[in-house]
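Take a look at the structure set out below.
Nothing in this text is a laboratory measurement; each read-out follows from the coordinates by a stated rule. Worth saying up front: this structure is predicted, and the values here are computed from it rather than measured. All Cβ positions, glycine included, derive from the backbone under ideal geometry; neighbour counts span all protein chains shown.
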Amino acid sequence: MIHPLRCVVVAVFLAIFVAHAACAGEKVFMWKVESRQATAYILGTVHMMKRDMYPLDARIEEAFRKAGAYALEFNINEAGLLQKDIVTDTIYGGDDNVGNHVSRETLDLARRKFEGVGLPFDLMSKFKPWFLAVSVELLEYQKLGFEPQYGLDKYFLQKAEGKEIIELESFDSQMGLFRSMSDSDQELLLVHSLKERSKMPKRILIFYRMHGSVETPAPLNG
């Protein structure tokens, strides 16, 4: 339970396009919820951003400055403590590999995509389908200059000294969602990521235009 605080900043995951309004200095995608006991600011967070998207709108920075607590999805600074579990959840043991869990068609599609960006598929094939799907998304965003170190959650954690940190979920609970997925569901996720990746630069272009840039980002090879 949170004791009466002057204000609380709550970060919840929304789409990446929310970042524009958070940085543009016009309308801000931040909501203020008040009661007699406390005030909460709800801000959509983005896990990967670009360095030039900072500083944030002054209204967001001021809300965080006044906050007595910071509630976020999970504390990414503590995720490294679960490194052993991460390996178990993402990598097949022994001689097992992704080829034993997806169709030949999906395997060939994944091989072409990863080798097209210079990643040896003999190495990538040790990862589970859900992790390959996430990797495809990360590669696309990184190709466009978005990096995890500039994510809003990490940014505010670095500024949260002296504030109470509240996890709305836990890293293990999120990993548990992937851990519970069947092979068929993981394959569907992988196929979707592999086929949708070619559309991502067009979607990011919309974001660039909103943010003031009209440069068309180039897709990854393959």
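Summary of values
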read-out: Nitroxide proxy distance, nm - points 7 Å out along Cα→Cβ at Val117 and Gln37; value: 4.5
read-out: Inter-label distance for Lys126 and Asn100, nm, one decimal - labels placed 7 Å from Cα along Cα-to-Cβ; value: 1.5
read-out: Extension gain from Arg51 to Ser184, taking 0.36 nm per residue of separation minus the Cα-Cα distance; value: 44.1 nm
read-out: Peptides 146-156, 124-134 ordered by average Cβ neighbours within 10 Å, highest first; value: 124-134, 146-156
read-out: Distance between modelled label sites at Lys195 and Glu137, nm, 7 Å Cα→Cβ extension; value: 1.8
read-out: Peptides ranked, highest mean first, by Cβ atoms within 10 Å: ranges 91-97, 41-47; value: 41-47, 91-97
read-out: Gain on full stretching of the segment that runs from Asp89 to Leu168 - 0.36 nm per residue minus C-alpha separation; value: 26.3 nm
